[in-house]
Amino acid sequence: MMDLVSANAGSRKTPAPSVPDHGSVRPLAAEDLERVAALFLTKFRRRRLRDHAVAQTADYMRKLYLDGGENKALVQINPQGGLGGFMGVLKARYELNGRALNAAIIGPFMTDSSTDHGWAGPQLLRALHQGEFDLYLTDSANRTSLAFARPMKYQLLPVHCLEWTCVFQPGAMAAALLQRKWPGLARLPVGPCGRAFDALAGRRLEPPVQPSSPRRIHHERIDAARFAGRLPALMSDYALRPSWKDGELARLLALAAEKQADGPLHFGGTYDEAGKMVGCHAFYGQAGGIANLLQIQAPGPHWGATLDGLIAAAREMGCVGITGQTQSRFLPHLFGYNRLFFRYAGGTMVRSRIAEVAEAVRAGDIFIGGLMGDRWTRLSSDDFGRV
């Protein structure tokens, strides 16, 4: 006691060392939307900002992140009160052997390099990982995000990072790709030239599809309600799979149908001789364009037939080719098609501290991608202000 009093009497209070203020993270609010939209267009569309494009993007972000009732998107606010960064997060539900799990689907992840000094990204990730989620996943990570995620023990799913493309009409598809990259080429006869090439080369080109379906299997167009009613049962052989409740899947499909870049959303089912749906698919497409797969699902014995139905539906529509995210379970069946190509399209990663979840991911026993990802949103492809 004596020493303590003497020490207190003989010393003066010294100010605590100052802690640098790097900003703070909070949930996305309605008043942030225009700033977030402008940052998104600058980072991911790389063109001059126009008021109508910002307004369209902000309106869509409101619907996607704020109107669903469970806002999990995050913004980083720098010390000056400006927007330092944004992370789009959608809440989803999974189940593993009957255990309910909360999942975070990570979408656009961006920082404002003009105001951020390297703190916004780590702060956003730290805030996300301190939330109530049991697993975190993304299927659209760019290489910068991959560099952030690796030290945080995200598991990379290499097959799901690939995009496959099956070419039906090489000339027309090359023309469609050129016009997609440079819309100004629409004024030139690129399309007719491509179609002329395909007409001349048609007899020399092998058909891209070599059907593997037995005759007793048939395919039909279906609507969104029938697709939503059957999809959960068809994914029951995954240990780690979505758990959609109270119309969540129907709402998800309605939002997915708003995507415009690749044409309207179409659904199809594969049926056995007894009339039971044994597979289903959903893709965006229109005549003369490149079809884009949203979701395909089937039990093991019916993957080949379901892929046949998907590709046949796209060809009959007049699409010049089809592209989609690769899944490990149907990859072997893809090798039966001619004019098939693969490319890296975006990192698919999962993180969880739950040992059973991590083991299911390592074993490939997880339903991921498509509707359980981020590529179905308009943010992945639509050119706001033009489309």
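The values are calculated or read from the model by the stated rules, or taken from the named source; none is laboratory data. The model shown is predicted, which means the values in this text are computed figures rather than measured ones. With ideal geometry, Cβ positions are generated from the backbone for all residues, glycine too; neighbour counts draw on all protein chains shown. Heads up: the accessible areas ignore ligands, DNA and RNA and are worked out on the full protein's heavy atoms, side chains in. Shrake-Rupley method; radii C 1.70, N 1.55, O 1.52, S 1.80 Å.
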Mind listing P(r) for segment 230-333? All alpha-carbon pairs, 5 Å bins, whole percents. 2, 12, 21, 23, 21, 15, 5, 1
Could you point to the residue in 325, 270, 252 farthest towards the positive end of segment 237-359's charge dipole, with +1 and -1 charges on the Cβ of Lys/Arg and Asp/Glu respectively? 325
So if I place +1 on the C-beta of Lys and Arg and -1 on the C-beta of Asp and Glu, and nothing else carries charge, what would the dipole magnitude of segment 329-370 be about its Cα centre? I want it in debye, nearest 20. 220 debye
Compute, for residue 337, the solvent-accessible surface of its heavy atoms (probe 1.4 Å) with the complete set of protein chains present, and express it in square angstrom to the nearest 10. 20 Å²
Filter the cross-link list 43/72; 72/153; 43/63; 153/259; 43/245; 91/276 down to pairs whose alpha-carbon distance in this structure exceeds 23 Å. 153/259; 43/245; 91/276
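First check a/c for segment 279-387, with a ≥ b ≥ c the square roots of the eigenvalues of its C-alpha gyration tensor; if it is under 1.5, answer rounded, and if not, answer prolate when a/b is larger than b/c or oblate otherwise. Don't jump to the answer; show the numbers that get you there.
Details: a/c = 2.25, a/b = 1.29, b/c = 1.74.
Note, shape of segment 279-387 comes out oblate.
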Largest to smallest accessible area among 119, 244 [probe 1.4 Å]: 119, 244
Rounded to the nearest 10 Å², the accessible area of residue 218 at probe 1.4 Å: 70 Å²
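Could you sort 362, 45, 226, 35 by accessible area so the largest value comes first, with the probe set to 1.4 Å?
Working: 362 150, 45 50, 226 120, 35 95 Å².
Reading off the accessible areas and sorting them downward yields 362, 226, 35, 45.
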How big is segment 40-100 by Rg and Dmax over its Cα atoms, in Å? 15.6, 49
At a threshold of 8 angstrom on Cα-Cα distance, excluding pairs fewer than six apart, so keeping six or more, what relative contact order does segment 249-380 reach in percent? 22 percent
Between rounded, prolate and oblate, where does segment 326-387 land on the alpha carbon gyration tensor, with a ≥ b ≥ c its root eigenvalues, rounded for a/c under 1.5, else prolate if a/b exceeds b/c? oblate
